[in-house]
1. Show me the three semi-axes of the equivalent ellipsoid for region 39-101, from the C-alpha gyration tensor (sqrt of 5 times each eigenvalue), largest first, rounded to whole Å.
2. Please name whichever of Ala55, Tyr85, Ala69 sits farthest to the positive end of the charge dipole of region 51-90, dipole taken about the Cα centre and charges placed at Cβ: Lys and Arg +1, Asp and Glu -1.
3. For Lys70, list the lysines whose Cα falls under 20 Å from its own Cα; do not include residues on the same chain fewer than 8 positions away.
4. Ranked highest first by the average count of other Cβ atoms within 10 Å around their residues, in what order do 47-60, 70-83, 109-122, 89-102 fall?
5. Give, to the nearest whole percent, the P(r) tail of region 60-137 beyond 22 angstrom, counting all Cα pairs.
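Please treat every number below as a calculation from the coordinates, not as lab data. Computed from a prediction, not measured in an experiment: that's the story for all the values here. So basically every Cβ, Gly included, is an ideal-geometry build from the backbone, and we count neighbours across all protein chains shown.
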Amino acid sequence: MAGFTGFRQNVEAAVRVPEGRSECSRSASPPKADAATGSGPRSSIANVAPRLSHALHDLASARTPEADAKLTQLMRTLVTPLYAYRGRKKGYEVSVMKTMMDLTGQVGGQVRPPLNDLTPAEVKEWRTLLKPWRKWL
């Protein structure tokens, strides 16, 4: 697929598991980040859906046509819309992730100034946008 190499590199960078930790990405439960070294998933997606973060890594690393097709599908349905929404306003990289955490039963909390939380209408929109994410939560 033309241009797919750059796409794959972006995904690999977004969900990178440190050298020597790749075997952990295949475990039943995702590894926790090590506080001393900061090792673990390197994606904001891992805060909300660690299983998805590891699946993206595994698929990007597999380098098979089947994995590429699944990776493309996940990127189109989950990751690309997320990053497009986060790009709507400066600071939404944080605001959207905190809202997603709150809506999934985690504690995201409010953002600190000068950033802005999502509006009530945007939070309502995210309740709908999270539906395809449910199987990864």
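1. Values: eigenvalues 106, 39, 13 Å².
Sorted largest first and rounded, they come to 23, 14, 8 Å.
2. Result: Tyr85, furthest along the dipole toward the positive end.
3. Result set, ordered by chain and number: Lys131, Lys135.
4. Numbers: 47-60: 21.9, 70-83: 16.6, 109-122: 12.4, 89-102: 18.3.
So the order, starting with the most tightly packed, is 47-60, 89-102, 70-83, 109-122.
5. When all Cα pairs of region 60-137 are counted, 31 percent exceed 22 Å.
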